[in-house]
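Student: Pasting a structure below so you can have a look.
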Amino acid sequence: ERTRELAMDERRDFFRYGLPAPPEHLRQAQRWLAGVILNPETLDAHAAVARIRQPDAESAATRLGAYTGGYPARIEESLADAYPAVRHLLGTGRFRELARRYLPLVPKGCYNLNAIGGTLADLLDADPLSAELPFLADLARLEWAVWNAFHAPPAPPLDVSELTEWTAEDWATATIDFAPGVSVIRSRWPIADLWAARSTPKERIDIVLEGRPQTVLVSRRGYDVECTPISELEARAIEALGDGRILIAVTAELAAAGAQPDQVEAWFAGWSERGIVARCTRSA
């Protein structure tokens with residue numbers, strides 16, 4: 001009953017100002033407002049007074065400006081937090097234009113600003129900026145992996161004392177779980193070096209780009225995210241183990257690909273030192 005009274009009051013206000021009644025359906029109003037926010041240049045303030053409770057076009061434009069300006073600003077701020085290296089290399093102006101182009105790609109139904117930027121790299125794959133800076137999409141993929149690692153839930157470190165009684169057979173059929181947020185990003189560009197230069201003044205950045213592909217392990221140590229260039233064989237080991245493959249099968253494939261036993265041991269030692277191994281499980 002109260003809802004009906006409010007609706008009647010609202011209609012009386014519109015008639016008082018000589019305006020037509022507001023839209024009957026909430027979805028219709030939401031779609032109209034979304035269109036105005038995504039395409040503010042299409043706003044007709046005089047027509048807008050028929051949709052919002054304002055007496056004139058100037059008031060309507062002012063009220064809607066809080067949304068047409070505020071929403072893009074929040075999206076840009078979120079993307080800047082997630083992609084500091086991309087923003088640094090592009091500069092504030094060009095990054096703002098990129099954020100504007102990204103607005104239609106913001107995931108629908110996503111209410112967490114930390115999660116909205118996941119497809120920026122896909123946009124950059126076909127964006128004119130990549131003609132000038134061909135590494136940009138891969139750098140964005142690395143930064144999104146860094147962002148996910150930073151926000152990943154914490155995992156308790158591996159308790160190696162639980163492994164002291166394992167036999168060789170136990171290890172052969174064991175599986176390894178990596179900590180949340182661990183990932184591998186490949187690029188034909190030195191993306192780890194570019195990411196590391198995100199706070200270096202642009203005039204001082206001197207990175208050789210051509211002929212320097214990098215495969216990067218992304219992991220978190222405490223509150224710090226690390227980007228470590230690794231070999232292709234180590235990357236394949238991490239991915240295979242992350243897919244749940246048993247240890248003996250993975251090591252056999254690595255050996256066939258040319259990996260030496262001391263290399264594999266060094267990888268495991270490095271993973272343990274970084275704290276990226278969360279759990280080792282023996283087959284039942």
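Student: Provide a single number: the residues in the stretch 227-245 that are in contact with a helix residue (DSSP H, G or I) (Cβ under 7 Å, 6 or more places away or on another chain) and not in a helix (DSSP H, G or I).
Tutor: Final tally of qualifying residues: 2.
Student: Within the stretch 155-176, how many residues are crowded, with 17+ Cβ neighbours inside 10 Å and either in contact with a helix residue (DSSP H, G or I) (Cβ under 8 Å, 6 or more places away or on another chain) or not assigned by TED's automatic domain parsing to the domain that holds ARG221 (or both)?
Tutor: Step one: filter the stretch 155-176 for residues crowded, with 17+ Cβ neighbours inside 10 Å, giving 155, 158, 174-176.
If we keep only those that are either in contact with a helix residue (DSSP H, G or I) (Cβ under 8 Å, 6 or more places away or on another chain) or not assigned by TED's automatic domain parsing to the domain that holds ARG221 (or both) as well, we get 158, 174-176.
Of the residues in the stretch 155-176, 4 are crowded, with 17+ Cβ neighbours inside 10 Å and either in contact with a helix residue (DSSP H, G or I) (Cβ under 8 Å, 6 or more places away or on another chain) or not assigned by TED's automatic domain parsing to the domain that holds ARG221 (or both).
Student: Follow-up. Kindly check whether there is at least one residue in the stretch 180-189 that is assigned to a loop (DSSP other than H, G, I, E, B) and within 14 Å of PRO134 (Cβ to Cβ). Outline the logic, then answer.
Tutor: In the first step, residues of the stretch 180-189 are kept if they are assigned to a loop (DSSP other than H, G, I, E, B); the result is 180-182, 188-189.
Filter once more, so that each one left must be within 14 Å of PRO134 (Cβ to Cβ): 188-189.
Yes, the stretch 180-189 contains a residue that is assigned to a loop (DSSP other than H, G, I, E, B) and within 14 Å of PRO134 (Cβ to Cβ).
Student: Kindly indicate whether LEU124 is of a type in the set (A, V, I, L, M, F, W, C), in a helix (DSSP H, G or I) and not assigned by TED's automatic domain parsing to the domain that holds CYS227.
Tutor: yes
Student: To continue, here is another question. Would you call ALA192 among the hydrophobic types (A, V, I, L, M, F, W, C) and either surrounded by fewer than 17 Cβ atoms within 10 Å (Cβ to Cβ) or in contact (Cβ under 8 Å) with a residue 60 or more places away in the chain (or both)?
Tutor: no
One line per residue, one yes/no per condition, for (1) surrounded by 13 or more Cβ atoms within 10 Å (Cβ to Cβ); (2) farther than 26 Å from VAL146 by Cβ:
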| site | (1), (2) |
| --- | --- |
| PRO229 | yes, no |
| LEU241 | yes, no |
| ALA249 | yes, yes |
| ALA256 | no, yes |
| VAL264 | yes, yes |
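Student: Would you check which residues across the stretch 128-152 are surrounded by 18 or more Cβ atoms within 10 Å (Cβ to Cβ), farther than 19 Å from PRO190 by Cβ and in contact with a helix residue (DSSP H, G or I) (Cβ under 9 Å, 6 or more places away or on another chain) and list them?
Tutor: Result: TRP147, single match.
The values are calculated or read from the model by the stated rules, or taken from the named source; none is laboratory data. Keep in mind that this is a model prediction, so the values were computed, not measured. Note that we place each Cβ from the backbone using ideal geometry, even for glycine, and neighbour counts take in every protein chain shown.
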